[in-house]
Amino acid sequence: MQDRDTASDCRLHGNAMTPEQVGEAIFRYWDSLRDGGDIPARADIDPRALEDVLDHAFILECQGDNAAAFRVAGRSVNALYGRDARGLGFAGFFAPGDAVRIAALLGRVFSRPAWLRLETGLPGAPVSGYLTLLPLLDQQGAPSRALGSYVPGRGAQDRAARRIRGRPDIVALTGQDNPRRGGKIMPRTRGSGAAGAGFAEGPVPYLRLVSSKDKLEHDHRDDEE
């Protein structure tokens, strides 16, 4: 396993990366924020470190009963919904037959908490997408948010093809040894960073491209948890 990068060195280059590498790079950025094994806070996420893969990134909010909704989403996620995904239920992103499995996985991500990776696709067909979910703390220190990425593959536009494929990779954090570094992992009580422009949610969060050079226009409103 590669050494952890510092947050300032974790700029991602999505255009030169495979879908698997995008998920791994976002994981490494999240892991770089885990000072002493803490779970990062939502406010710690700096979109400038993620700007080359913001199209594939999103933030989820736990809504209880193993459910979650998008707080903010990148262009590729919005395109698969055919509309702005913010406020929409996360389970609706997947094939209807997977609702129970998605609910169970979300419950583990937020309650343990745990990080999750999985592939989507129909049996015997090409992979339709690559999902990563990484827990974050809210302003009260509870793991009620998650940084995620979904990189679509072949057939991802068809919701029926967005089925959980194979066995998800899910690793609990609290009370277990970190599989990537030694030591116990305990969530901190409160994040200390400030929400960066571009992932500021507020009442109307958004991410959108504004030029042919793929520059991002960021929402500068304060992050309201």
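The values are calculated or read from the model by the stated rules, or taken from the named source; none is laboratory data. These numbers were taken from a predicted model, which means no experiment stands behind them. Glycine also receives a Cβ, built like all others from the backbone with ideal geometry; neighbour counts cover every protein chain displayed.
For this structure, a couple of remarks:
- Selection status of residue 99, of a type in the set (A, V, I, L, M, F, W, C), in a strand (DSSP E or B), closer than 19 Å to residue 130 by Cα and out of contact with any Cys (no Cβ under 6 Å at 6 or more places or on another chain): no
- The criterion of being in a helix (DSSP H, G or I) and either buried (at least 19 other Cβ atoms within 10 Å of the Cβ) or of a type in the set (Phe, Trp, Tyr) (or both) holds for residue 110.
- Only one entry in 124, 155 is surrounded by fewer than 22 Cβ atoms within 10 Å (Cβ to Cβ), more than 13 Å from the chain's Cα centre (by Cα) and free of Cβ contacts under 8 Å to residues at least 24 places away in the same chain, namely 124.
- Residue check for residue 99: within 16 Å of the chain's Cα centre (by Cα) and at negative phi: no
- The residues of the stretch 24-34 that are of a type outside the set (Lys, Arg) and at pLDDT below 90, listed by number, are 24, 25.
- If you go through the stretch 61-84 and keep only what is touching a helix residue (DSSP H, G or I) at 6+ places or on another chain (Cβ under 6 Å) and assigned to a strand (DSSP E or B), you end up with 62, 68.
- Qualifying residue in the stretch 58-65 (condition: among the charged types (D, E, K, R), over 23 Å from residue 88 (Cα atoms) and modelled with pLDDT under 90): no
- When residue 151 is tested against (1) touching a helix residue (DSSP H, G or I) at 6+ places or on another chain (Cβ under 8 Å); (2) modelled with pLDDT under 90, just one condition goes unmet, and that condition is (2).
- Options 194, 160, 142: the member that is part of a loop (DSSP other than H, G, I, E, B) and either at pLDDT 85 or above or under 16 Å from residue 102 (Cα atoms) (or both): 142
- Search result, residues across the stretch 17-32 that are of a type in the set (A, V, I, L, M) and free of Cβ contacts under 8 Å to residues at least 40 places away in the same chain: 17, 25
- Residues (more than 13 Å from the chain's Cα centre (by Cα), modelled with pLDDT of 90 or more and not hydrophobic (A, V, I, L, M, F, W, C)) located in the stretch 35-45: 44
- Residue-level analysis places residue 87 among those that are on the phi > 0 side of the Ramachandran plot and either outside any strand (DSSP E or B) or not aromatic (Phe, Trp, Tyr) (or both).
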